[in-house]
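The values are calculated or read from the model by the stated rules, or taken from the named source; none is laboratory data. Everything quoted here is computed from the prediction, not taken from an experiment. Reconstructed Cβ throughout: ideal geometry from the backbone, glycine too, with neighbour counts over all protein chains shown. Heavy atoms of the whole protein, side chains included, go into the accessibility calculation; ligands, DNA and RNA do not. Shrake-Rupley method; radii C 1.70, N 1.55, O 1.52, S 1.80 Å.
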Amino acid sequence: MFSYRTSGFAEVSFLARILWTSLIILLQLTACGSEPDNKAGPGTTPPKHQDTPVQQETPCGDCHNFRLDAFHKKTTCTDCHLGYSPAPSREKAHSGLISQPSHPGNMDKYCGGCHLEQVRTTKETLHFTLAGEVNAVRQSFGANASLSSLLDIPVAESPETPLELADDMLRRRCLHCHVYWPGDLYTETIHGTGCAACHLEYRKGELQSHEFLAKTPDRQCLHCHYGNRIGADYHGLYEHDFHWAYRTPYRREGLTPHRPYGVENHPLSPDLHQEAGLSCIDCHSGKELMTSDPAARISCRTCHQATEEEVKRRQNLELEEGSIILTARITGKILEVPQMMSEAHAQYGEKVGCQVCHGQWSYNDIGTHLIRLDTQEYEPWFNLDVQSSFEAEAEITDILYGGGQYPYPFMQDKITGYSSRGLWLKGFELRRWENPVYCRDEKDILQVCRPILDLHLSWVNEKGKVMFDGEPPPDAPPYGLLPYVPHTTGHAGPFYRQRLRENHDMLEEPYFLKRHTPSSPSTNKRQDEAK
């Protein structure tokens, strides 16, 4: 059967063309014998024949079926995202579109119009700038000055010093869960940017609605606070080692492993408060997270040794007949807060941090090695292809098992989005949680500590030359230990005195942190060559 093309697209049969022409003629003949409803008067110009129908104007809601919360229900899509609505086409609707109006670069203009004070104070917080984490790493590698924000980390594509290598590692490997970046590409690590990182719900890698969350559930927090960070421990999660032999449960060949946070997790004991029905925001409210005011910070004593003044400041605390009552912000559960009555608190409370006795376990990733490869020598990594980094995993598996679509190793800058040569890979000497480590903080108080700065950086350039080899931070504290508060609270039980006795003299070298130290004082190949 013959056919022809209309405008180069749909094929129409020759028979169909004949039928269609016959129908048009029939309609015209029928129209000739009828009177129009409205006769044209003298001098009336007959309407022009339209060759193509006018395109219908389509509003945003016909394509994007997102609900708005009560506060924003009078807000139109174009108030925040610009573009045009209604519009005759997708191209016109998206002309000038702002896809992320709550991004830190846009939030002043598009969120600040209604939330000016919240935006201003939020941008100054450590939760937003990550200055605490950034400066701790940089200063351990010799930085003399503090940065006010992660945006100030220098770009160093060809590092000359360990500090420059650390800067490249921070920008491209570490900072994949801050509010400037939409998260890693696993199903439960994708999130919004800026305000939306906390206040718009993402689930299974997709935005669920435009109903902004005034009360952020823990699921939102875990989009960033996963992978052996405070927050995951609150839910009893400790990341498996990267080697396939340590990642259980094993799966039959052909089955895709379920790794919503990039790596499987050991299910350990969750925090006592989590088991009681409290969420993160029951302690860490917006007043703490969205301001840099030191008075807004909390400690265990805020609730468990609460003064009447403190109770008045906390929206979810009340004083009833001499008891402190807490109302959970999300579940509405009502709990009586036990106060510090034990004699141990009176004896050790000013000398020992709470988690020394109450922490059930802690994060101890000893000897963290980060290696930048500028060549595609991935064979030694085939057992370590799961890296808690979607970029690293995708490139390794493609080169080893796929079609080799990546021309050379590269990784995105998590602040600018630009890609540059070199893929950062990671491994550990030892990952343990059983025995918390203790050290003293700047106030000489015994605290639980973690070897967060026990870092070793290496770099192999595009010619396969080793430029840095396991470079340790020269100015890090012993064993990279820094005090922290593990969110693994439990009852102290009968053994807290044993913990205190063991640490009475505060041994300088905990036995399980000892390891062989290289005899050569310098492992920097560039410095050795210069000598």
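Gain on full extension, evaluated as 0.36 nm per residue between Tyr406 and Thr75 minus their Cα-Cα distance, stands at 114.8 nm. Given a Förster radius of 22 Å and the C-beta distance between Arg301 and Asp444 as r, what FRET efficiency does 1/(1 + (r/R0)^6) yield to the nearest 0.05? The formula returns an efficiency of 0.75 here. Within straight-line reach of Lys215, meaning a Cα separation under 12 Å, sit the following aspartates and glutamates at least 8 residues removed in sequence or on another chain: Glu201, Asp282. Given labels modelled 7 Å from the Cα in the Cβ direction, how far is it in nm from Lys92 to Thr397? So the label points at Lys92 and Thr397 sit 4.3 nm apart. The label-point distance for Leu68 and Leu213, in a model that sets each label 7 Å from Cα toward Cβ, rounds to 2.1 nm.
Taking 0.36 nm per residue of separation and subtracting the Cα-Cα distance, full extension of the segment from Thr327 to Ala344 would add 3.3 nm.
Once the C-beta distance of Glu377 and Glu160 is scaled by a Förster radius of 30 Å, the resulting FRET efficiency is 0.85 to the nearest 0.05.
Computed from the C-beta positions of Arg203 and Leu335 and an R0 of 25 Å, the FRET efficiency is 0.35 to the nearest 0.05. For the range 182-261, the Cβ-based charge dipole about the Cα centre amounts to some 160 debye (Lys, Arg positive; Asp, Glu negative; other atoms uncharged).
Converting phi to 3J(HN,Hα) with the Karplus coefficients 6.51, -1.76 and 1.60 and the offset θ = phi - 60°, the range 291-308 yields 8, 9, 5, x, 5, 7, 6, 10, 9, 4, 5, 3, 9, 8, 9, 6, 8, 4 Hz in sequence order, with x at every glycine or proline. Just so you know, the Rg over Rh for the range 48-152 is 1.23, from Cα atoms, with Rh as the Kirkwood radius.
Spin-label model, His243 to Glu429: label points 7 Å out along the Cα-to-beta-carbon direction sit 1.6 nm apart.
Please work out the Kirkwood hydrodynamic radius for the range 174-286, using every pair of different C-alpha atoms, and report it in angstroms with one decimal place. By the Kirkwood definition, the hydrodynamic radius is 15.1 Å.
Please calculate how many Å² of accessible area the range 375-498 carries per residue, with a 1.4 Å probe and no DNA, RNA or ligand atoms counted. Walk me through the numbers on the way to the answer.
On the way: 5940 Å² over 124 residues.
Using a 1.4 Å probe on heavy atoms only, each residue of the range 375-498 averages 48 Å².
Each Cα pair under 8 Å and six or more residues apart adds its sequence gap; the mean of these over the residue count of the range 69-206 is a relative contact order of 16 percent.
Per residue, the average separation of C-alpha pairs within less than 8 Å and at least 6 apart gives the range 123-179 a relative contact order of 32 percent. Once the chain from Leu268 to Thr416 is taken as fully extended at 0.36 nm per residue, the excess over their C-alpha distance is 49.6 nm. Listed by chain and number, the aspartates and glutamates whose C-alpha is less than 19 Å from the C-alpha of Lys123, apart from same-chain residues fewer than 8 away, are Asp108, Glu133, Asp152, Glu288, Asp293.
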